[in-house]
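The values are calculated or read from the model by the stated rules, or taken from the named source; none is laboratory data. Bear in mind that the values here come from a model prediction, so they are computed numbers and not experimental data. Cβ placement follows ideal geometry from the backbone for every residue including glycine, while neighbour counts extend to all protein chains displayed. Heavy atoms of the whole protein, side chains included, go into the accessibility calculation; ligands, DNA and RNA do not. Shrake-Rupley method; radii C 1.70, N 1.55, O 1.52, S 1.80 Å.
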Amino acid sequence: MESLELTEVELKGRDELLFRLPLDVKPLQYDLRYVPKIQEKMFYNELTIKIFISSKKDIDEVNLHMKDLQVNSLQIIKIVDGSEKIYETSLTKNENYIQDTFSIKFLDQEIKFEARSEYFLRFQYQGKIKTHEMTGINFFSLNLTIGVFMLCDPKLLDNKEKQMFDYGDELLLQNNEVLEQIQICTHFEDKFARQMLPCFDEPLFKSVFNVIVEIEYENHDVISNSLVKEITKTENKKVYTFDSTPLMSTYLLCIVIGKFDKNTLHSKSGVQVSTYLPTGEGVKSLDALQLAADSIDFLEDYFQVKYPLTKLDLIGYYNHIVRAMENWGCVTFIKKLLIKEEGDEFDEYDYKRNCKTIAHEISHMWFGNLVTMEWWDDIWLNEGFARYMEHVILDKIRPELKIWLMYIEIVYSVALRKDKSIALTHPVQVKVKGDQSLDDIFDTISYAKGSAIVLMMQAVIQNEQVFQDCLRAYMNRFMWKNATSQDLFQVMEEVSAIPIMDIFTHWIQTPCFPILVIDRISEDTYTFWQKCYDSMNSVEQWTIPVKFVTSKGQTGFVMLDQKMSQVKIEGLQADEYTKFNHNALGFFICYYVNQSEVDGLYYSDFMGDIDRMVFNLELMVSGKQVTPRDEEKENDEVDDALENKVE
Ligand SMILES: [Zn+2]
């Protein structure tokens with residue numbers, strides 16, 4: 001049976017296979033009852049999906065996603081005159097799709113799903129809880145910490161036991177101490193919700209989720225996207241019922257079970273913010289908790305849109321394949337990111353990175369969760385914006401971190417390095433078929449170059465308030481919905497009256513970046529020649545926003561939309577110099593032709609920290625050398641002489 005399926009797929013050829021679900025069926029609501037059995041490493045679930053047939057014609061089948069689930073029963077239900085009419089069904093793999101797609105039909109083939117009607121799909125099914133590979137991030141752990149998986153505190157286990165746990169050893173799972181400390185986790189981005197429930201597993205299909213979780217252990221707690229509505233206890237189980245979620249995409253659903261220390265405070269607007277760390281470690285999360293609350297306050301003001309839920313939980317997993325995941329209202333982190341160490345254990349670099357990650361995830365509550373990209377092609381709308389916002393947030397609420405310097409260090413320069421070879425990079429807006437691995441789309445280009453593009457939009461718009469108005473308008477127009485890059489550009493163009501669409505469509509669809517060759521041809525005039533960094537002969541032409549600052553502190557701005565341009569800076573004297581790409585607002589490299597300009601810039605002290613860092617980066621990339629000054633030459637000569645003596 002397997003080999004037959006494979007042959008059929010091969011015969012069709014990959015490019016002919018469909019990768020997006022049809023739009024004629026809309027999921028409205030999922031009612032999920034999740035019943036994990038830890039010792040069995042299984043879950044036994046019940047699920048009802050309310051769907052609406054939005055097509056104008058009756059249809060034969062409903063297609064949805066599922067993976068590694070065993071369906072024990074499935075019914076199609078229609079409400080007729082107030083009572084349920086139940087139909088028998090057939091469920092088959094749909095080989096016209098790239099992966100994981102199943103068709104639901106009426107067993108009686110005469111019956112069809114009627115146009116403009118509602119149905120319920122009622123499933124009983126089971127699936128496996130994966131156990132975690134504890135030995136580090138490797139190929140196996142990639143598979144094992146997505147979907148539904150369990151983690152155990154490595155401290156509790158000796159090496160042999162760790163191995164046993166990795167393989168889900170039953171004996172170990174009967175050890176009460178181990179059982180108590182186990183975390184049953186989920187991670188669904190980008191296409192892994194289908195490993196927990198049959199669903200329409202694409203960001204476009206936003207629905208409401210009503211979650212009920214039945215657990216076996218008294219000491220365990222359950223956290224999900226919404227607040228707990230009710231907990232009922234019987235002799236051997238606890239049942240958690242959660243409030244309905246807002247409309248959201250499947251990849252944002254999250255359910256976590258475990259034993260936690262909880263700390264809570266409220267944001268100014270009353271959002272309940274909590275951290276959940278393994279028992280004994282909660283007290284170290286107070287700094288993260290305050291940062292999260294402050295970030296919410298900042299973003300509510302920045303977007304003028306309230307945080308869309310009533311609570312936000314930050315949960316520490318023992319370990320994970322990603323640093324953090326922005327499940328709505330229920331953000332999961334590798335636990336050490338939420339812990340602020342003291343004394344010798346404190347590492348400033350790690351601490352700043354952790355603050356960035358927390359601010360990043362919280363900005364996703366708006367960018368990504370409230371307004372979601374329509375398809376993974378536009379993942380930069382989530383990740384580029386969140387990366388940008390994490391710096392905006394921390395710059396305002398934790399200015400002492402000097403976070404924009406870190407941006408240059410680990411975002412901007414890393415993006416340039418990654419993007420410099422056309423053969424190894426890809427455009428920011430990338431074609432995704434849904435069968436890529438996590439690493440393929442959640443990479444430096446989406447995050448880092450994506451954030452550089454956002455900064456460049458800010459540079460083009462120039463006025464910070466207008467830029468903020470653009471984002472507010474975008475948020476207001478697309479909240480609870482999905483958007484594309486073009487939707488964003490359209491809104492920005494309307495609000496700013498600047499041709500954003502024209503300028504930035506090219507930036508997000510073209511790999512690599514321009515190098516700007518700058519030649520000072522007279523006291524006050526420069527010529528610019530742009531070329532693709534990786535290809536002299538490339539015909540690519542970008543519209544490049546160039547901010548500059550002179551050694552007298554005069555700033556200015558030009559847009560270069562030709563291969564060759566000439567710019568005159570009024571009043572510039574021969575002994576003054578100009579740093580182009582001031583504050584690294586553009587994603588390009590400057591190459592100064594004149595040695596005197598290189599030396600002049602290097603030895604002047606008008607550049608701020610960011611300009612200085614970027615200038616050094618440009619020297620390194622362009623291979624330009626600074627001419628040593630006379631006194632340094634003399635020192636060098638002395639050094640040489642000394643060295644000669646030693647020889
Ligand atoms: Zn992110």
Kindly check whether there is at least one residue in segment 493-511 that is within 16 Å of the ligand (Cβ to nearest atom) and closer than 25 Å to residue 205 by Cβ.
no
Taking strands (runs of 3 or more DSSP E) that do not extend beyond segment 545-619, which have at least 1 residues that are touching a residue at least 60 places away in the same chain (Cβ under 8 Å) and in contact with a strand residue (DSSP E or B) (Cβ under 9 Å, 6 or more places away or on another chain)?
555-560, 578-580, 589-592
Is it true that some residue in segment 337-350 is touching a helix residue (DSSP H, G or I) at 6+ places or on another chain (Cβ under 9 Å), open to solvent by 30 Å² or more (accessible area, probe 1.4 Å) and within 16 Å of the ligand (Cβ to nearest atom)?
no
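Consider residue 422 carefully, then state whether it is hydrophobic (A, V, I, L, M, F, W, C), modelled with pLDDT under 95 and under 12 Å from the mean Cα position of the chain (by Cα).
Working: hydrophobic (A, V, I, L, M, F, W, C): yes; modelled with pLDDT under 95: yes; under 12 Å from the mean Cα position of the chain (by Cα): no.
Here the answer is no, as residue 422 does not meet what is asked.
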Tell me, which residue of segment 506-533 that is aliphatic (A, V, I, L, M), assigned to a strand (DSSP E or B) and touching a helix residue (DSSP H, G or I) at 6+ places or on another chain (Cβ under 8 Å) is farthest from residue 453 (Cα to Cα)?
518
Quick check on my filter: what residues within segment 266-291 are more than 23 Å from residue 183 (Cα to Cα) and not polar (S, T, N, Q)?
266, 268, 270, 271, 287, 291
Is at least one residue of segment 425-440 open to solvent by 40 Å² or more (accessible area, probe 1.4 Å) and within 15 Å of the ligand (Cβ to nearest atom)?
yes
Lone unmet requirement of (1) of a type outside the set (Lys, Arg); (2) touching a Gly at 6+ places or on another chain (Cβ under 8 Å); (3) on the phi > 0 side of the Ramachandran plot for residue 571
(2)
Counted residues in segment 316-334 being within 15 Å of the ligand (Cβ to nearest atom) and assigned to a loop (DSSP other than H, G, I, E, B) come to 7
For the list (1) within 15 Å of the ligand (Cβ to nearest atom); (2) open to solvent by 10 Å² or more (accessible area, probe 1.4 Å), I need the number of the one condition that residue 401 fails.
(1)
Exactly one of (1) acidic (Asp, Glu); (2) assigned to a helix (DSSP H, G or I); (3) assigned by TED's automatic domain parsing to the domain that holds residue 482; (4) more than 14 Å from the ligand (Cβ to nearest atom) is unmet by residue 390. Its number?
(4)
Residue 378 versus (1) away from the ligand (no atom under 14 Å from the Cβ); (2) in contact with a helix residue (DSSP H, G or I) (Cβ under 6 Å, 6 or more places away or on another chain); (3) closer than 29 Å to residue 97 by Cα: which is the lone unmet condition?
(1)
Where a residue in segment 476-502 is not assigned by TED's automatic domain parsing to the domain that holds residue 427 and its partner, wherever it lies, is assigned to a helix (DSSP H, G or I) and of a type in the set (A, V, I, L, M, F, W, C), with Cβ under 8 Å and at least six apart
none
Could we say that residue 343 is touching a residue at least 60 places away in the same chain (Cβ under 8 Å) and among the small types (Gly, Ala, Ser) here?
no
Among the numbered conditions (1) acidic (Asp, Glu); (2) closer than 22 Å to residue 588 by Cα; (3) in a loop (DSSP other than H, G, I, E, B), tell me where residue 383 comes up short.
(3)
Would you mind stating whether residue 49 is open to solvent by less than 50 Å² (accessible area, probe 1.4 Å) and over 21 Å from residue 109 (Cα atoms)?
yes
Considering each residue of segment 446-471, count those that are more than 20 Å from the chain's Cα centre (by Cα) and not aromatic (Phe, Trp, Tyr), and give that number.
12
Give the residue, chosen from 354, 369, that is open to solvent by 10 Å² or more (accessible area, probe 1.4 Å), of a type in the set (S, T, N, Q) and within 16 Å of the ligand (Cβ to nearest atom).
354
Scan segment 456-474 and tell me whether some residue there is hydroxyl-bearing (Ser, Thr, Tyr) and open to solvent by 30 Å² or more (accessible area, probe 1.4 Å).
no
Unmet requirement for residue 538, which otherwise passes all of (1) open to solvent by 30 Å² or more (accessible area, probe 1.4 Å); (2) more than 20 Å from residue 614 (Cα to Cα); (3) not in a helix (DSSP H, G or I)
(1)
Criterion violated by residue 333 - all others in (1) without any contact (Cβ under 8 Å) to a residue 60 or more places away in the chain; (2) surrounded by fewer than 20 Cβ atoms within 10 Å (Cβ to Cβ); (3) within 23 Å of the chain's Cα centre (by Cα) satisfied
(2)
If only one of 285, 295 is under 23 Å from residue 184 (Cβ atoms), part of a helix (DSSP H, G or I) and open to solvent by less than 10 Å² (accessible area, probe 1.4 Å), which one is it?
285
Among the residues of segment 173-217, write down those that are of a type in the set (Asp, Glu) and not in a loop (DSSP other than H, G, I, E, B).
177, 180, 214
